[in-house]
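**Student:** One structure coming up, written as structure tokens, with questions to follow.
The values are calculated or read from the model by the stated rules, or taken from the named source; none is laboratory data. Just so you know, these numbers come straight off a predicted model, no measurement behind them. Every residue, glycine as well, gets a Cβ built from its backbone with ideal geometry; the counts of neighbours run over all protein chains shown. Note: areas computed on protein heavy atoms with side chains; ligands, DNA, RNA excluded. Shrake-Rupley method; radii C 1.70, N 1.55, O 1.52, S 1.80 Å.
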Amino acid sequence: MAHVRRGASVKAGTVYSANHSRNAFFRSSRFKGVVIVDDNTSVKTYNELTDEESHVLVDKGTEPPFSGEYTNLKDAGTFICRRCNAALYHSHDKFESHCGWPSFDDEIPDAVERHTDADGRRTEIVCQNCSGHLGHVFLGERMTAKDTRHCVNSLSIRFIASGDPLPNKL
């Protein structure tokens, strides 16, 4: 993640850390969280992330198995992207896979994109809205009738209980 100084040139598609910048301009509440400059050099702001969350969502890391807060959660509700608040998964699509990460056999339509990993062996899943890394999807394991397992890092998502309002998507 690059750091930005006031007046500095910015490169499209680069992720800049506003909350870690030493420049007061980027530490202001206007730029709280992660700042991304898109192809038109407009600024998008997302939720502020911890170092661990950033490692997973931005750097495409993985949390240790069986360490996530949502691995065993069975409550009714919606799982949203921790970075941008986009709704990703419904709790009724979550199942016990015993793999160490929350598993879902379906996503909310148009919420998740799939990309083949560089090695060609796995398929990465990312938030369609902010491109935050969620985990990987596996097909053909016969764990559910849909024959699909989205293996998702708890650090990539937040749970909103049924009946609670969903936050606005950033």
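**Student:** If one computes the Cα centroid of the range 57-112 and of the range 116-170, what distance in Å separates the two points?
**Tutor:** 6
**Student:** Right, here's the next one. Fully extended, how many nm does the chain gain between Phe66 and Thr50 (0.36 nm per residue separation, minus their Cα-Cα distance)?
**Tutor:** Net length gain for the segment: 3.8 nm.
**Student:** Hey, can you grab everything whose amide H is under 5 Å from the amide H of Leu88? Only 5+ residues off in sequence or another chain; H modelled, so Pro and N-termini drop out.
**Tutor:** Counting only residues 5 or more places away or on other chains, the set is Phe79, Ile80, Cys81.
**Student:** Rolling a 1.4 angstrom probe over the protein heavy atoms, how many square angstrom per residue are accessible across the range 59-111?
**Tutor:** 47
**Student:** I would also like to ask the following. Output ³J(HN,Hα) for the range 75-86: one whole-Hz value per residue in order, computed from phi by the Karplus curve 6.51 cos²θ - 1.76 cosθ + 1.60 with θ = phi - 60°, and x for Gly and Pro.
**Tutor:** 5, 7, x, 10, 9, 10, 5, 5, 7, 10, 6, 5
**Student:** What is the local net charge at Glu69, summed over the other residues whose Cβ is closer than 15 Å to its Cβ (Lys, Arg +1; Asp, Glu -1)?
**Tutor:** Once positives and negatives cancel, what remains is 0.
**Student:** From the backbone phi of the range 98-103, what are the Karplus-calculated ³J(HN,Hα) couplings (6.51 cos²θ - 1.76 cosθ + 1.60, θ = phi - 60°) in whole Hz, Gly and Pro given as x?
**Tutor:** Working through the residues one at a time gives 6, 9, x, 9, x, 10 Hz.
**Student:** Right, here's the next one. So how strong a dipole does the range 60-144 carry about its Cα centre when Lys and Arg Cβ are +1 and Asp and Glu Cβ are -1, to the nearest 20 debye?
**Tutor:** 160
**Student:** Give me the net charge of Phe104's neighbourhood, meaning all other residues with Cβ under 11 Å from the Cβ of Phe104; Lys, Arg count +1, Asp, Glu -1.
**Tutor:** -1
**Student:** Report, by chain and number, residues whose modeled amide H sits under 5 Å from the one on Tyr46, excluding near sequence neighbours (fewer than 5 apart, same chain).
**Tutor:** Answer set, sorted by chain and number: Val34.
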